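Working notes, beginning with the structure itself.
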Amino acid sequence: MSVRPRSGAVVPELTAQMARAGNPSGTTAMWVRDHLDGLWDDRDFASWYPRDGRPGLSPAQLATVCVLQFLLNLSDRQAAEAVRCRIDFKYALALDLDDPGFHHSVLTDFRDRLCEDDRADQLLSLSLTRMREAGMVAERGRQRTDSTQVLAAARDLTRLELVLEAVRAALEEAAQRAPDILDGLVDAEWATRYGRPVRLPSQPSHPVTRLKQAGADARRLLERLPYHRRGPHAEALRQIVVQNFLLDARGGLRPRAEKDGQPKGAVRIVSPYDREARRAIRGNTRWSGYLVHVTETCETGPQANLITDIATTGPTRDTEALPGIHIRLRDRGLLPRQHLLDGGYLSVSLLHRSLRDHQVELVGPVKASGAWQSKEQTGFTRDDFTIDFDQRQVICPNGETSHVWLEPPAMAPYTVARFRPHQCNPCPDRPACARGTAARTVNFLPQHLHELQAQNRANQQDSQWRRLYATRSGVEGTICEFINGHRARRSRYHGHRKTHVQHVLTGIAINIERLASRTTRHPHRPRRPTTFQQYLDARGLTWECWWRQGK
């Protein structure tokens, strides 16, 4: 399939006339055509298709339909029906009124194409480029980032259900790829165990025996399947068997016990249909799936806050996602001057690297020390010691000087300063400084990082810094809009790449929705005060509300 770029697509006159007659104030779909000229052009997608082959549908039109689909929370069938029946969709796509549209499966094929070579991020970059050309977003402003959990499109399985369903998925795949391999292996008992999807009660009968039987069946099936004929479900079965079984003394498989060790959540497969989903724990929240990091502008003024980056990752630390966010923003020409983040994203090294590599000031609290003095908020913390980097020594609050200055490679980049027992044991403040019989040890970063850390903690005590950091909380509303308004809490598709495509299309849809609401004839107005609030105003009694500050 090839693409034949259309240059200068114009909305047909009859389509424009009917759309304006039925929607005098316009719709969001019509706003895309009027203000952004359709967001993108077929030439933007020319590298996605081969040069020869049968001409395909317009990729620019398909991309617009995908964005409108997630804007209105439509399924593929509903989106294809909207293209056939809704006049504002035909207006946005520059189609004739009698255009029959396309089959809904075309959208699946286009999303599969979006999954390749970071094309979803390219699509977001194209939309932001068009918005920047229209003066709706600028570089070197202020931005903020936060993350939330995303549930995988797979039900939670017990270990028995996981192994049984993995065997069944591998059998389905083998029956499609190489049914001759199953001859002589599958009998009536296999048909009973794996003939339909696994649904077990909360307390199944003989769970250990059934788990051993499922492990033996999985081993026999994998021995029958040659390596070069294995598909993704067979490979998932192999990994699940390795993670959940061990070889006993007789050479058979036995389920792993707690004493044998269990794979960590970062590597453990939770579903044979989504090999990239992982189980994660954050505080009291537990889920199986991914994390999505949303970055948006937060400038003061009437302009809309726009999403500038979407990152879908596994359940990893937020600090691991921040460098990639800055690299993508740099490539889009949208690096911020100040980046507001919570403590989960920040470390002293990231503060330094962001300033050095991207000239981005990270605004947020650096994680406090894990020493017992900091946790219990008592005694002498590291900040109570004076560090003399020139003399390579540390002075305690009572004037004693350290005698050991080490830079062990195992603790890099930290430096270790130690006091001697004859200095600490006679000290009357020893219970507030050290525990046990050992003398006090102080660990600290190199001088440039130590000073940056001290400056960050001093800034947190400043009222102006606190007001600036309070702006970060606004991203919580975007997260709420993302997961509640557009159903992004649960992935629609299996796999990390398809889930990321869903998030990118949702982010573009939110940008369009925000921009369209700011430029319509009837902009949003704050709600009027209640009767009791009017009573307070009549008697000169003040009451605070953020949306009345401009009154």
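The values are calculated or read from the model by the stated rules, or taken from the named source; none is laboratory data. Just so it is clear, the model here is predicted, and its values are computed rather than measured. Counting neighbours? That spans all protein chains shown, and the Cβs are built from the backbone with ideal geometry, glycine included.
Tabulated data for the structure shown
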{"item": "Residue that is surrounded by the fewest Cβ atoms within 10 Å (Cβ to Cβ) [pool: residues in the range 317-362 that are small (Gly, Ala, Ser) and part of a loop (DSSP other than H, G, I, E, B)]", "result": "Gly333"}
{"item": "Unique residue being of a type in the set (Phe, Trp, Tyr), more than 28 Å from Leu346 (Cα to Cα) and either out of contact with any Asp or Glu (no Cβ under 6 Å at 6 or more places or on another chain) or surrounded by 15 or more Cβ atoms within 10 Å (Cβ to Cβ) (or both) when the list is Phe444, Phe385, Phe419", "result": "Phe419"}
{"item": "Residue in the range 95-107 that is among the aliphatic types (A, V, I, L, M) and either assigned to a helix (DSSP H, G or I) or within 22 Å of Thr312 (Cα to Cα) (or both) present", "result": "yes"}
{"item": "Yes/no for Pro426 being assigned to a helix (DSSP H, G or I) and at pLDDT below 90", "result": "no"}
{"item": "Subset tally (residues that are part of a helix (DSSP H, G or I), in contact (Cβ under 8 Å) with a residue 40 or more places away in the chain and not small (Gly, Ala, Ser)) for the range 113-131", "result": "11"}
{"item": "Per-region count, the range 363-397, residues in contact (Cβ under 8 Å) with a residue 24 or more places away in the chain and either outside any helix (DSSP H, G or I) or of a type in the set (Ser, Thr, Tyr) (or both)", "result": "15"}
{"item": "The listed residue being under 16 Å from Arg113 (Cα atoms), modelled with pLDDT under 90 and in a loop (DSSP other than H, G, I, E, B), out of Leu57, Leu39", "result": "Leu57"}
{"item": "Test for Ser349: is it assigned by TED's automatic domain parsing to the domain that holds Tyr469, of a type in the set (Gly, Ala, Ser) and in contact (Cβ under 8 Å) with a residue 40 or more places away in the chain", "result": "yes"}
{"item": "Residue satisfying all of: in the range 192-213; among the aliphatic types (A, V, I, L, M) and either outside the structural domain of Val242 (by TED's automatic domain parsing) or more than 33 Å from the chain's Cα centre (by Cα) (or both); surrounded by the most Cβ atoms within 10 Å (Cβ to Cβ) among these", "result": "Leu211"}
{"item": "Members of the range 160-200 found to be basic (Lys, Arg) and outside any helix (DSSP H, G or I), listed by number", "result": "Arg196, Arg199"}
{"item": "Flag for Pro397 being touching an Asp or Glu at 6+ places or on another chain (Cβ under 6 Å) and surrounded by fewer than 18 Cβ atoms within 10 Å (Cβ to Cβ)", "result": "yes"}
{"item": "Residues that are surrounded by fewer than 18 Cβ atoms within 10 Å (Cβ to Cβ) and either among the polar types (S, T, N, Q) or in contact (Cβ under 8 Å) with a residue 40 or more places away in the chain (or both), drawn from the range 274-297", "result": "Glu276, Arg282, Asn284, Thr285"}
{"item": "Residue match in the range 19-41 (condition: crowded, with 17+ Cβ neighbours inside 10 Å, more than 24 Å from Arg518 (Cα to Cα) and not assigned by TED's automatic domain parsing to the domain that holds Thr312)", "result": "yes"}
{"item": "Scope the range 234-260; condition in a helix (DSSP H, G or I) and out of contact with any Leu (no Cβ under 9 Å at 6 or more places or on another chain); matching residues", "result": "Glu235, Ala236, Gln239, Val242, Gln243, Glu258, Lys259"}
{"item": "The listed residue being farther than 30 Å from Cys298 by Cβ and crowded, with 18+ Cβ neighbours inside 10 Å, out of Glu189, Glu81, Glu173, Glu116", "result": "Glu173"}
{"item": "Pairs, first in contact (Cβ under 8 Å) with a residue 24 or more places away in the chain in the range 313-329, second small (Gly, Ala, Ser) and assigned to a helix (DSSP H, G or I), C-beta under 6 Å, six or more apart", "result": "Asp318/Gly344"}
{"item": "Lone qualifier among Asp121, Asp156 - being under 17 Å from His494 (Cβ atoms), among the acidic types (Asp, Glu) and either surrounded by 14 or more Cβ atoms within 10 Å (Cβ to Cβ) or touching a strand residue (DSSP E or B) at 6+ places or on another chain (Cβ under 6 Å) (or both)", "result": "Asp156"}
